[in-house]
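Read the structure below first, then the notes.
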Amino acid sequence: MADEGSSSEGAVLLRPPQTVRGMTQLDKDAFKVQTKLPVLFIPNDKMHKTMKVLKEFLMKRPGVSAIDDVALNDPRYKKVKRIIFDPEKCRSVDALPDHVKERFQELKMLPETDFEFIDYEITYDNWKYEEILQAVLPEEEQKVAGFSRIGHILHLNLKEYHEDYKWLIGQVLLEKFSTIRTVVNKVNTIDSTYRNFAMEVLAGEDDMLTTCRENGLQFRMDFSRVFWNPRLGTEHQRITDQLRSGDVVYDVMAGIGPFAVPAAKKQCCVLANDLNPESYKWLLHNMKLNKVNGANEQCFNMDGRQFIREQLKPHLMQQQSDEASQCSAHILMNLPALAVEFLDAFQGLCSEQEAASLRLLPTVHCYSFCSGQWGSEMIEQMRGTAALHLGCPLPADAVIRQVRNVAPGKEMLCVEFKLSRSILCSNADAAPEKKRAKLE
């Protein structure tokens, strides 16, 4: 029998057998359980009207058909259907709410006479992946959560205590997600230089070339050699929504293009850069894949500070027309582990004469990790860190906002402020000595 517990209504709780606890090699037969499921026979001509009130109580489990055409096996049921209830929601007609009983009365049905229990075998195929893993892993250990889907790849970040179970976890997830062909696990921290990490294939094909869709666009990549986080789709869209045709976007750490490609599609003028040669390769590919007009974008493969000095500054100085002054400019710095340290590149970027001539002052969007709990204290901590690397206090109207919670006690933030002429022509040599802040 299935493991049984009871709710306040005395409903049976279906769970895999306790004997699978601690399993490290998947044995599907061990997940078979025999139970009894409540069923109700309903005349075909009354199915439509009864389903409207009964659908929330039906069995919803992989591989189980809640509406059973029993006439296929027994001619006595030629004019009826058998519906299978979820035993956790309904164990008897009396347990159904009043509005359901009223519907039975309207249709002149006598459900009590057509309600019974049937013997049913629940197998591995009928359990959800969460139920399987919860039953297998030791009770004191946290469940597997927070995985990401990147095209056909499912990416896990397993903890040390999952080590003995990782192959089973990979196999279960591969089989339970029909669109997944590869399950990988991160085996070290992100390399801050190129923003990628080593990984191991737990199940499926060793194929890291994948395509994913985000906000109506396609992004192709070798996931093992570039950085991609599907949880940032909302942030990418938030920035894109601020842009108008003709705006200028300088993407200092562009990756494979999650900001740069949609900006170029909106007819912005985009200068996008990434230090990682592999990211640069896929950045170019994704511009073409999404049919970006080549006149709108330029891509570079260099260090972020070098890009600011050699590409961003000259291009910014050229924006002197009346038309340019009606647009906005944005500098994106999405390398949360290190980007805030690159703010020093704006110290003394221009001479006083150059700064005075600027007609377009960009807004900086600098992403950073910060330890602690989100709130006023963290905001002030981030403000101080940014000012330390910028070499002067942030403008009074600077905004520091929460992007996402990365882990307990770790937030991803965005520091947003407009570059002032005083920052751009400040004396970098006069800035206070900086120590690398602990951002992770």
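A few points about this structure:
- When Thr363 is tested against (1) closer than 26 Å to Pro258 by Cα; (2) of a type in the set (Ser, Thr, Tyr); (3) out of contact with any Lys or Arg (no Cβ under 6 Å at 6 or more places or on another chain), just one condition goes unmet, and that condition is (3).
- Within the stretch 195-230, tally of residues that are surrounded by fewer than 16 Cβ atoms within 10 Å (Cβ to Cβ), more than 27 Å from His330 (Cβ to Cβ) and among the small types (Gly, Ala, Ser): 1
- Residue-level check: of (1) over 15 Å from Leu40 (Cβ atoms); (2) of a type outside the set (Val, Ile, Thr); (3) part of a strand (DSSP E or B), Arg82 misses just (1).
- Answer residue from the stretch 293-310, given it is closer than 22 Å to Pro277 by Cβ and at pLDDT below 95 and is nearest to the chain's Cα centre (by Cα) among those: Glu297
- Of all residues in the stretch 289-305, those that are more than 13 Å from Lys266 (Cα to Cα) have Cβ atoms under 6 Å from Cβ atoms of residues that are of a type in the set (Gly, Ala, Ser), 6 or more apart or on another chain, in Cys299/Ala272; Arg305/Ala345.
- Counting only strands (runs of 3 or more DSSP E) that sit wholly inside the stretch 231-309, those with at least 3 residues that are buried (at least 22 other Cβ atoms within 10 Å of the Cβ) are 248-251, 269-273.
- Taking the criterion of being assigned to a helix (DSSP H, G or I), in contact (Cβ under 8 Å) with a residue 40 or more places away in the chain and surrounded by fewer than 19 Cβ atoms within 10 Å (Cβ to Cβ), the residues of the stretch 345-354 that qualify are Glu352, Glu354.
- Each residue in the stretch 311-338 was checked for being buried (at least 20 other Cβ atoms within 10 Å of the Cβ), modelled with pLDDT of 95 or more and either assigned to a loop (DSSP other than H, G, I, E, B) or out of contact with any helix residue (DSSP H, G or I) (no Cβ under 8 Å at 6 or more places or on another chain) (or both), and 2 of them qualify.
- Selected residue (criterion: modelled with the highest pLDDT) from residues of the stretch 416-440 that are of a type outside the set (A, V, I, L, M), in contact with a helix residue (DSSP H, G or I) (Cβ under 9 Å, 6 or more places away or on another chain) and outside any loop (DSSP other than H, G, I, E, B): Phe417
- Evaluation of Cys366 against the conditions (1) over 29 Å from Ser321 (Cβ atoms); (2) in a strand (DSSP E or B) shows that the sole unmet condition is (1).
- Looking across the stretch 369-415, the residues that are assigned to a strand (DSSP E or B), out of contact with any helix residue (DSSP H, G or I) (no Cβ under 7 Å at 6 or more places or on another chain) and within 21 Å of Ile239 (Cβ to Cβ) come down to Phe369, Val399, Arg401, Gln402, Asn405, Val406, Met412, Cys414.
- A count restricted to the stretch 394-410 and to residues that are in contact with a strand residue (DSSP E or B) (Cβ under 9 Å, 6 or more places away or on another chain) and without any contact (Cβ under 8 Å) to a residue 40 or more places away in the chain stands at 11.
- The residues of the stretch 11-65 that are part of a helix (DSSP H, G or I) and β-branched (Val, Ile, Thr), listed by number, are Thr19, Val20, Thr50, Val53.
- Filtered residues of the stretch 63-113 (kept if modelled with pLDDT of 85 or more, among the acidic types (Asp, Glu) and under 16 Å from Val39 (Cα atoms)): Asp86, Glu88, Asp94
- The listed residue being surrounded by fewer than 20 Cβ atoms within 10 Å (Cβ to Cβ), assigned by TED's automatic domain parsing to the domain that holds Cys299 and either touching a Gly at 6+ places or on another chain (Cβ under 6 Å) or over 30 Å from Asn157 (Cβ atoms) (or both), out of Arg401, Arg359: Arg359
- Residue within the stretch 122-131 that is of a type outside the set (Lys, Arg), out of contact with any Gly (no Cβ under 6 Å at 6 or more places or on another chain), at positive phi and at pLDDT 95 or above present: no
The values are calculated or read from the model by the stated rules, or taken from the named source; none is laboratory data. The structure displayed is predicted, hence computed values, not measured ones. Cβ: placed from backbone, ideal geometry, glycine included. Neighbour counts: every protein chain shown.
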